[in-house]
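S.K.: Can you keep this structure in mind? I'll have questions shortly.
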Amino acid sequence: MQLKAESEEATRRFETIVRLMNEEIVRFQEQKTLDMGIAFHEFAKGQARLANSIADAWRSLLPKLEACSS
């Protein structure tokens, strides 16, 4: 009888652990998705700033190039 009770308790503990792990995996995936979204957003903003800087550099260089070719 005691062995059966211990077995049932072990099964309950195992099921609790599995449930908690599954909940934590879902939470972890949701948090990582959020983190990746923020990282990609920041990367995109950085790329936009870089593109603007490159465009500004070309705009400032074009008059000099045109003056050289005249």
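The values are calculated or read from the model by the stated rules, or taken from the named source; none is laboratory data. What you see is a predicted model; the values in this text were computed from it and never measured. Because the Cβ atoms are built from the backbone with ideal geometry, glycine has one as well, and the counts that use them run over all protein chains shown.
S.K.: Do we have LEU20 as at pLDDT 95 or above and part of a helix (DSSP H, G or I) here?
M.R.: Judged against the criteria, LEU20 is a match.
S.K.: Could you list, in sequence order, all residues of region 32-70 that are in a helix (DSSP H, G or I) and of a type in the set (Gly, Ala, Ser)?
M.R.: GLY37, ALA39, ALA44, GLY46, ALA48, ALA51, SER53, ALA55, ALA57, SER60, ALA67, SER69
S.K.: Do we have LYS4 as part of a helix (DSSP H, G or I), among the basic types (Lys, Arg) and surrounded by 10 or more Cβ atoms within 10 Å (Cβ to Cβ) here?
M.R.: no
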